[in-house]
Structure formats: structure tokens, C-alpha cells
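In what follows, a structure is listed as C-alpha cells, so that the remarks can point back to it.
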Amino acid sequence: MREKMWIFHSADHSKCLFSLWNQWCLCYAAVVCLLFSPVRTDDACPSSCICARDSGTVTCRDGEDAEVPGDIPAWTSTLILKGRNISTLQRGAFMINGTESDIVTLSLSYNGIQAIEPYAFLGLPRLHLLDLSHNQLESISARAFHGLLELRSLYLNHSLSPPATAQLSDALSTQSLRNLHRLELAGNRLMSIPLMRLDMYNLHALVLINNSIESIGRENVTSLYQQRRIRVYLSLNPFRCNCELEAFYYWLKNSSQCPDARHLLCSEPEAKRGLPVEKLRGEDVDCMNENLEAVSYVFLGIVLALIGVVFLMVLYLNRGGIKRWLNNIREACRDQMEVYHYRYEQDSDPRLANVAV
């Protein structure tokens, strides 16, 4: 009986050991799979990027990727993409696994971006700063900046081609940018301020340095008077210092809203080239004086033309008397010439001279 019990006990002990061995093997296999599995966690840093979790910054430079990295860590607050080959910003390009991101600062300079599609920045509700400088934008959708309700600073320096410049006004007119504080558009060959209305934003700084602005229109000047908080930077623009600059000239003299006012120079006319706009005299941009001068020249021309017409009419009405007068003068001249001719012949012939004596 004891022998049978020992046999049964030995069999149960072997089954137990076998079961423990299987469990240990399964645990070991699971650990190996976790260690060598390609599956990443949300905290991992994307390839070809440098991550600093303490500051929440992810920097990705000089890559051949044509799209925004899709594995940006969820903790990212500052994303810097530079020197990439991103030709188009597609809809929701910065959404992480279809969810919104906490990115606050987004720098996309020097990426060769040519087009921004509608809702490209969807999923960035807390974005405060967007830098798109030094790209080659050819197309900007009217809804490109839709959803950026918290955006404070937008940089588009040296990025706009003529087609994109024409589309910029519509893109900036979205209500999503109503909290925009700073807008930089330097170096884009702009001919005018590309904002339909200045009062629809909360602008504090508008940078228009190094463009092709020759004058600021009266409507824009009126808006600037109303929006006293705005500071406008306008140096390195070719201002045409003539009558059309009058409203802007007086705004510049009476307002402190242009911090670089002393650097604004005239490019035309030639006599005023290089002269600071602030140094102009009131009569240099006085439209009334310029118009009066033009009118005076026209009036003088009309008077001279009338005098000429009257003179010709007098000549025509007295044509008979004038003809007789001319004939008399001609006959008198002929008689006088005959006298001179006769005397000449006498002086030249000695025989005629003796006869005369």
C-alpha cells in the first residue's frame, strides 16, 4: 500500500515540475519578445531626431523625409523641423495617432515647403508660435491656419512667392487668428499691407521690413490711428516721396507707432533719393500745392493758346492792309537797292565818274 501511494505521489510531483517549467519558459519568452520587439512606446524619440524631455523639445534636422514624422512623443511642447524635404503640409500633418497634440512652439523654417493645404495645423489647439520662414511657398489655402485659436506669433519671413502673396490675405483673414499678437512678413517683395482689416486681430507688432512698399494707403493709415497698440516696422522699403505719401507722412510725424521711423528713406523722386522720410517738408507731400501747380501750368498753356488764336485772327482780318504794307516795303527796298546799284556802277567805272563830274 505504501509503495502504491509513493508511486502516485511521485507522478503528481513530476507533473507539477513540468508545469512550473512550462510557465518559466513562457515568462522568459515574453521578456525576450519585449526586449527585442520593434514596437515603440509613446515616449521614444523618433529616428534622426534629438529629444530633450526635460525641456519638452524635439529637434529633427537635415533629413530626406518628405513628411512630418508621425511618431512625435506625446510629451513634446517644442518641435523643430529644419533642413528637411517637406514640400507640402497636408491636412492634420501634426496630429499624433489621430489625437490632438500639446505642442506650443512649432518651427518649420528651411524645409522647402511649397504648399499648405486646408487644416494643415489641425490638432494643435495650444500652439502659440509658428515659424514658416525661409521656405518657397507657392500656395496657401484660405483655411491653412484654421483651428489655431491660441496662436500668438506667426513668422513668414522670406517665404512668399507672388502667387502665395496673392493668397495670403484670405489665409490671414480667418477668425482663428483673432489672438495673433505678432506677424512677421519681412523680405517678401510686398507692395502693400496684406491684411484686409487690422482691427480683426490683436496685433502688437507687424514686421514689414525689406519689402517693396512705396506708400501706405490712407485707409491703412486710418486703421493704424485707431489701433494704437500696433507697432509697425517698415525700414528698407523704397518709399516714393510724393503727394501720395501725405497721409502716411503726417502719421509718421504725429505717431510713435513706427519704432524704426528714422530709418525710412525716399527712393523717388531722384532729387530726394536717400532723404529720410521724417526730414521731408510739408510742401513736399502737399497734394493741394502739387495740384495747384499742375493747374497753373495748364491755365498758362490755355492763356498762351488764346493769345495765339487772337493774334492769328487779327492777322487774318487785316490781311489786305498787311499785304499792301508788305508790298510798299518791298518797293521801297527795291528803289533803295537800285540807288545802291547805280552808285556802285559809277564808282567802278572811271569814265562814268568823269561824265558825272
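Values as computed for the structure displayed
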| item | result |
| --- | --- |
| One residue from Ser107, Ser87, Ser101, Ser139 being closer than 30 Å to Pro162 by Cβ, of a type outside the set (A, V, I, L, M, F, W, C) and touching a Leu at 6+ places or on another chain (Cβ under 8 Å) | Ser107 |
| Top-ranked residue in segment 93-139 [being of a type in the set (Val, Ile, Thr) and in a strand (DSSP E or B); ranked as most open to solvent (accessible area, probe 1.4 Å)] | Thr99 |
| Qualifying positions in segment 272-283 - touching a Cys at 6+ places or on another chain (Cβ under 7 Å) and either of a type in the set (A, V, I, L, M, F, W, C) or open to solvent by 80 Å² or more (accessible area, probe 1.4 Å) (or both) | Arg273, Leu275, Val277, Leu280 |
| Segment 276-290 residues that are assigned to a loop (DSSP other than H, G, I, E, B), paired with ones that are modelled with pLDDT of 85 or more and open to solvent by less than 70 Å² (accessible area, probe 1.4 Å) (beta carbon under 7 Å, 6 or more apart) | Leu280/Cys241; Leu280/Tyr249; Asp286/Glu246 |
| Members of segment 174-190 found to be in a loop (DSSP other than H, G, I, E, B), closer than 18 Å to Leu127 by Cα and open to solvent by less than 40 Å² (accessible area, probe 1.4 Å), listed by number | Thr174, Leu180 |
| Single condition Trp325 does not satisfy, out of (1) modelled with pLDDT of 80 or more; (2) in a helix (DSSP H, G or I); (3) in contact with a Cys (Cβ under 7 Å, 6 or more places away or on another chain) | (3) |
| Any hit, segment 212-232, residues being open to solvent by less than 10 Å² (accessible area, probe 1.4 Å), under 11 Å from the mean Cα position of the chain (by Cα) and without any contact (Cβ under 8 Å) to a residue 40 or more places away in the chain | yes |
| Verdict on Asp71 being among the acidic types (Asp, Glu), open to solvent by 70 Å² or more (accessible area, probe 1.4 Å) and farther than 16 Å from His146 by Cα | no |
| Contacts under 6 angstrom Cβ, first residue in segment 63-89 being over 15 Å from Asp43 (Cα atoms), partner of a type in the set (Ser, Thr, Tyr) and open to solvent by 50 Å² or more (accessible area, probe 1.4 Å), 6 or more apart | Gly63/Ser48; Lys82/Tyr110; Gly83/Tyr110 |
| Criterion (out of contact with any strand residue (DSSP E or B) (no Cβ under 6 Å at 6 or more places or on another chain) and under 30 Å from Glu214 (Cβ atoms)) met by exactly one of Leu130, Leu156 | Leu156 |
| Some residue of segment 84-103 being over 22 Å from the mean Cα position of the chain (by Cα) and among the hydroxyl-bearing types (Ser, Thr, Tyr) | yes |
| Single residue of segment 248-271 satisfying the filter (open to solvent by 20 Å² or more (accessible area, probe 1.4 Å) and hydrophobic (A, V, I, L, M, F, W, C)) that is nearest to Glu283 (Cα to Cα) | Ala271 |
| Count of segment 191-202 residues which are assigned to a loop (DSSP other than H, G, I, E, B) and either at pLDDT 95 or above or surrounded by fewer than 17 Cβ atoms within 10 Å (Cβ to Cβ) (or both) | 5 |
| Tally, over segment 151-165, of residues that are closer than 20 Å to Val104 by Cα and surrounded by fewer than 19 Cβ atoms within 10 Å (Cβ to Cβ) | 2 |
| Search result, residues across segment 235-247 that are at pLDDT 95 or above and either touching a helix residue (DSSP H, G or I) at 6+ places or on another chain (Cβ under 8 Å) or among the polar types (S, T, N, Q) (or both) | Ser235, Leu236, Asn237, Phe239 |
| Test result for Leu168, open to solvent by less than 10 Å² (accessible area, probe 1.4 Å) and in a loop (DSSP other than H, G, I, E, B) | no |
| Of all residues making up segment 76-90, the number that are under 21 Å from Leu151 (Cα atoms), part of a loop (DSSP other than H, G, I, E, B) and open to solvent by less than 50 Å² (accessible area, probe 1.4 Å) | 2 |
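The values are calculated or read from the model by the stated rules, or taken from the named source; none is laboratory data. Predicted model, so just to flag it, every value in this text is computed and none were measured. FYI the Cβ positions are ideal-geometry reconstructions off the backbone, even for glycines, and counts take in every protein chain you see. Only protein heavy atoms, including side chains, enter the accessible area calculation; ligands, DNA and RNA are left aside. Shrake-Rupley method; radii C 1.70, N 1.55, O 1.52, S 1.80 Å.
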